[in-house]
Amino acid sequence: MRKKAQIILTFCILFILMGCSVNQEKDNQVINHKEIAEDLKIKATYEKKYIDLLKTELLKKEDISAVHIFYNDITNDGAFTGFSYRIGDKLFIGSSYGIAYNPNPIVYKIETRVNDFNDPLTFQFMNDKLKTNPPRDYQVIVGYINDESIKSIQLNYKNGIKEVVNIENNMFMSVKIANPDSLMSITSPHDDSKVFLLIER
């Protein structure tokens with residue numbers, strides 16, 4: 001009888017311990033979800049501050065009334081943004097690099113060029129080094145599609161890599177970090193012989 005009571009007592013203790021473990025796991029999950037939500041909230045605040053800063057820098061240019069942000073890639077490595085704006089009848093496209101995840105965001109570099117409406121597409125390069133330790137190379141390609149028949153494009157690099165890029169509101173952007181290679185051409189992703197742009201090297 002005593003042995004049976006000991007077995008029952010052992011099972012009761014195990015059951016209680018298992019219940020405590022489950023409750024502790026649930027509590028940890030709730031804490032983790034709260035931490036993730038708080039982290040996302042902080043990052044969203046930093047991202048907004050960075051975009052506001054970028055727009056402020058761009059709006060300092062003469063006769064710009066509005067800036068359209070069409071691409072925004074923000075990570076711990078840095079913030080890469082694609083944008084466009086108009087001055088009179090000219091359309092400008094550009095890209096920027098900076099640091100967003102910081103109480104005081106920084107825009108390190110902005111490059112722009114005028115869109116040539118006579119070409120099927122206009123593109124612009126931005127190459128430099130990240131403000132990381134150690135520094136790493138980055139390459140940004142931003143472009144504007146003037147030919148409405150072009151629905152998708154493929155970036156062809158010297159090392160043989162082919163990258164299909166999404167087009168949004170006639171604009172596209174590609175970011176490469178660490179050992180970016182030279183762009184050789186922009187073609188149709190369905191037919192390499194259909195060349196939209198051939199780059200001379």
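Return the distance in nm (one decimal) between the two label points of a simple spin-label model at ASP181 and HIS68, each offset 7 Å from Cα along Cα→Cβ.
My value for the distance between the label points is 3.3 nm.
Can you give me the relative contact order of the stretch 79-198 as a percent, contacts being Cα pairs under 8 Å and 6 or more apart? Each step should come with its number before you reach the end.
On the way: 240 pairs, mean separation 21.9, N = 120.
Across the stretch 79-198, relative contact order equals 18 percent.
Taking other Cβ within 10 Å of each residue's Cβ, how do THR75, THR122 sort, fewest first? The partial results should precede the final answer.
Details: THR75 11, THR122 20.
Exposure proxy ranking, most exposed first: THR75, THR122.
Stretch VAL114-ILE199 to full length: gain in nm at 0.36 nm per residue minus the Cα-Cα span? Mind showing how you got there, number by number?
Working: separation 85, 0.36 × 85 = 30.60 nm, distance 1.80 nm.
Length gained between VAL114 and ILE199: 28.8 nm.
For a quick check: sort LYS60, LYS151 by the number of other beta carbons within 10 angstrom, fewest at the front. Don't skip to the end; give the middle numbers.
Details: LYS60 8, LYS151 11.
In order of increasing Cβ crowding within 10 Å: LYS60, LYS151.
For the stretch 44-198, with only Lys/Arg (+1) and Asp/Glu (-1) charged at the beta-carbon, what is the dipole magnitude about the Cα centre, in debye rounded to 20? Walk me through the numbers before you get to the answer.
Details: 17 positive and 20 negative charges, 87 e Å.
Dipole size: approximately 420 debye.
Calculate the FRET efficiency for LEU59 and ASN169 from the Cβ-Cβ distance with a Förster distance of 22 Å, rounded to the nearest 0.05.
Values: r = 20 Å, r/R0 = 0.91.
E between LEU59 and ASN169, to the nearest 0.05, is 0.65.
Restricting attention to the stretch 50-143, which GluC sites (Glu not before Pro) occupy a DSSP loop and are surrounded by at most 14 other Cβ atoms within 10 Å? Provide the component values of the computation, followed by the final result.
On the way: sites: GLU57, GLU62, GLU111; in loops: GLU62.
When the GluC sites (Glu not before Pro) of the stretch 50-143 are filtered for loop state and at most 14 Cβ neighbours within 10 Å, GLU62 remain.
What residues of the stretch 45-86 lie in the reach of a label at TYR101, counting those whose backbone N is under 18 Å from a point 7 Å from the Cα along Cα→Cβ?
Counting backbone N atoms under 18 Å from the label point, the list is 45-51, 72-81.
Do me a favour and compute the ellipsoid semi-axes for the stretch 44-198 from its Cα gyration tensor, root of five times each eigenvalue, largest one first, whole Å. Please report the intermediate quantities before stating the final value.
Details: eigenvalues 136, 87, 28 Å².
Ellipsoid half-lengths, sorted descending, are 26, 21, 12 Å.
R0 = 35 Å: FRET efficiency of GLU47 with GLU148, Cβ-based, nearest 0.05? Write out the running numbers ahead of the final one.
Numbers: r = 32 Å, r/R0 = 0.91.
So the FRET efficiency works out to roughly 0.65.
Which order do the peptides 46-56, 100-110 take when ranked by the mean count of other beta-carbon atoms within 10 Å per residue, highest first?
Working: 46-56: 16.7, 100-110: 14.9.
Peptide ranking by packing, descending: 46-56, 100-110.
Pairs of lysines 8 or more apart, or on different chains, with alpha carbons under 20 Å: count those in the stretch 89-201, would you?
11
Any read-out appearing in this document is the output of simple, stated calculations on the displayed coordinates, not a laboratory observation. Just so it is clear, the structure is predicted and the values come from calculations on it, not from any experiment. Note that each Cβ is placed from the backbone with ideal geometry, even for glycine, and that neighbours are counted across all protein chains shown.
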